Amino acid sequence: MEEARTMQVDLGNLMAFDSGHHFPSLPSSREELIEKCLEKGTELVQAVADALFNLPSTEDVDGPIVKLPPPTTKLPREKHLPKPKPPTKWELFAKAKGIKNRKKDKVVYDEQTGTWKRRYGYDRVNDDRDVPILEAKATDEVGSDPFAERRAEKKKRVEKQNKNRLQNLKQVVKAHALPSHIQLAATALPITGTQAAPKKVSKDELGNVAGLAATATASGGKFDKKLPGEKKPKHEQKHRKFLPVAEGKGQGSKEKEQTDRVLNKLLAKNSHEILNVDKAVSMYNVKKEKKRSKQKRDDSSNSSKLKPQKKVQKKPFKKGSAKKGSEKKGKSK
Amino acid sequence: MSSQVETGRKTLILQGMKTSGLLNSVLTEIYHLKKESSVRYTRKNDNVRPFESGGETSLEFFSQKTDCSMFVFGSHSKKRPDNLIIGRMYDHHIYDLVEVGVENFKSMESFVYDKKLAPKMGSKPFIAFIGEGFESVEELKHLKEVLLELFRGEVVENLNLAGVDRAYVCTALSSNRVVFTHCALRLKKSGTIVPRMELVEVGPSMDLVLRRHRLPNDGLRKEAMKTAADKPKKKEKNVGRDVIQGKIGKVYIPDQQLGDMNLPNKAKGVKRERREAKMNKQANGHAPKKQKGGSN
């Protein structure tokens, strides 16, 4: 069986392909088929393992580690190749002038202290802060602080460098070759691979922002300086109105009015439980009339037998009585 | 984030308007097999129709959002039951598609085996392709490539030999049917450093029946297959070998333009003008200072 000839092994992908095999006749049952597949599969996996375990390995805590060769199968990329970034201004200048980059050592010998110090960073060689004395030059003004001047100069240099760096980045953006970490930092997205547009705030939201911020102040934003064109808040922020403590001129009896209002409201709510005076009076009158007419008839029909006359109980009708229907109208038989 | 060398595709697993129970388990199990490198969407997507011209915009949007350059789309219909569309993207646009139907599916849970053999999540698998169909039939060739990308995991340089514990076996039964199964590996002692491999089926296992497929057009294909290593094929110029002397190189010196050259040391003292000025000064003795020396 010329298996070895038709076997292709891609070690970088741990893949084996046997193109020479074909099923002359399909096995009758599923189990047999699976068995055959596994049998053949085992052969292929063994072939890959043969190549794999024969690679030079380094011992590690978890086990032997081998360096896999790159995969041989050609597969399409998922993203385009990164575009080359345009050279920076310094790079262009250096190329024109023929300046080559010289490799610098991380530690430099410091003459002053006689030790080896870092070229940059903590405890560096030419630190600006280390100079104790600066000799005055003839060009110096009388009151100027040379140390402060040196610090200001350093700051200016750093700012200039930063500005140049940003200008270079702008060129890179134009050429669509921005490195991914900078693009992520610029748009600050949690999800990779997105070009998120900045969040658009609506006009209403912007209008409300000033109001929201104003409520945080003690006076509710009433005395905040308004920007030109800013409108007054939509509704008064105060939700409670207190009457003046002392009654002044023209105030009248506002407190009395307020309490009256409250009282009337309460009465109106409970009115179905309170006595309707007019109705009670008219009912009484009607009853009285009926009784009188009845008595007249009785007198005429009956002899003057003494009838016990029940006393009419009249309860005083109080206006605004809050008792629940316990008021009994005077009933006379 | 584009890089020179790519390390494996992230996969998006999603479904269409109608799925069957079987298809759901298939999608879930594929997700389990690819846990770290895949994203699972569980909602039903009506407007995803990869083979139709307008139906890919949603997919491309998802691909951009999740940074997934490969997708597995499951759907079920009377015409195409238990359908899986596996597709790849280039630059978040559809590159190619292959549609398969799933038959004879056996889920991971239906397999009984020694639990100690269970493959660890994220381990690099062995992949075996059996059958001449994978080379002779174009659709199968395409499917082989797609399955390789789907299951190979992350492309790594260093591999721990103690961690190899799974293998995928794909067998081409006919020109349109592939038997796919997932096995755990048992490494047995053999006389040599290479252990003896034993495959134990752990599932899932299924038959994939080829349906439609779409290959990329040539221009797109050429662009996607470009690699960084394509350019530096430069022949080393001006280098020759001599039997006696070994490697010989030719060096061409251009004509020197003395006027335009950059001087290596711009030491002030070396400048001709200054030299001449000095000489003149000495010659003139205590001559007036303002006289600048030298004619150029």
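Values in this text are rule-based calculations from the coordinates and carry no lab data. Everything quoted here is computed from the prediction, not taken from an experiment. Methodologically, a virtual Cβ is constructed for each residue, glycine included, from the backbone with ideal geometry; neighbour enumeration extends over all protein chains shown.
Points worth noting:
- Between B:T192 and B:F61, the FRET efficiency from the beta-carbon distance, with R0 = 35 Å, is close to 0.10.
- When A:H272, B:H182, B:H32 are arranged by Cβ crowding within 10 Å, least crowded first, meaning fewest neighbours, the order is A:H272, B:H32, B:H182.
- Distance between modelled label sites at B:R221 and A:K106, nm, 7 Å Cα→Cβ extension: 5.0 nm
- Under the convention that each Lys and Arg Cβ holds +1 and each Asp and Glu Cβ holds -1, the size of the dipole of the stretch A:7-66 around its Cα centre is about 280 debye.
- Percent antiparallel among DSSP beta bridges (both partners in the protein assembly as shown, rounded to 5): 75 percent
- Using a simple spin-label model with pseudo-atoms 7 Å out from Cα toward Cβ, A:K155 and A:K265 lie 6.2 nm apart.
- Legend: residue pairs B:K120/B:K188; B:K78/B:K120; B:K10/B:K116; A:K36/B:K115, Cα-Cα distance threshold 27 Å; pairs beyond threshold, B:K78/B:K120; B:K10/B:K116.
- Counting DSSP beta bridges with both ends in chain B, the antiparallel % (nearest 5): 75 percent
- Taking the DSSP bridge list for the stretch B:1-129 and keeping only pairs wholly inside it, about 60 percent are antiparallel.
- Lysine pair number, Cα distance threshold 19 Å (strictly under), the stretch A:37-128, separation 8 or more or different chains: 7
- Rounded if a/c under 1.5, otherwise prolate or oblate - the protein assembly as shown, Cα gyration tensor axes: oblate
- Estimated distance in nm for a label pair at B:K120 and B:R241, the labels positioned 7 Å out from Cα along Cα-to-Cβ: 4.6 nm
- Degrees, to the nearest 10: B:21-33 long Cα axis against longest axis of chain B: 40 degrees
- Listed residues A:S144, A:N13, B:P216: farthest to the positive end of the dipole of the protein assembly as shown (Cβ charges): A:S144
- Computed from Cα positions, the angle between helix B:57-66 and the longest principal axis of chain B comes to roughly 60 degrees.
- Around the Cα centre of the protein assembly as shown, unit charges on the Cβ atoms of Lys, Arg, Asp and Glu (plus for the first two, minus for the last two) sum to a dipole of about 7420 debye.
- For the stretch A:53-140, a/c is not less than 1.5, where a ≥ b ≥ c are the root eigenvalues of the C-alpha gyration tensor, and a/b does not top b/c. That puts it in the oblate class.
- Computed from the Cβ-Cβ distance with R0 of 51 Å, the FRET efficiency linking B:A283 to A:V131 stands at 0.75.
- Helix-derived mean residue ellipticity, 222 nm - over chain B, DSSP H n ≥ 4, -39500 (n - 2.57), to 500: -6000 deg cm²/dmol
- Cα long-axis angle, helix B:272-284 against chain B (0 to 90 degrees, to the nearest 10): 20 degrees
- Shape call, chain B: gyration tensor on alpha carbons, a/c limit 1.5: prolate
- Note on the protein assembly as shown: dipole from Cβ charges, positive end direction compared against B:T227, A:I182, A:A246; the farthest Cα belongs to A:A246.
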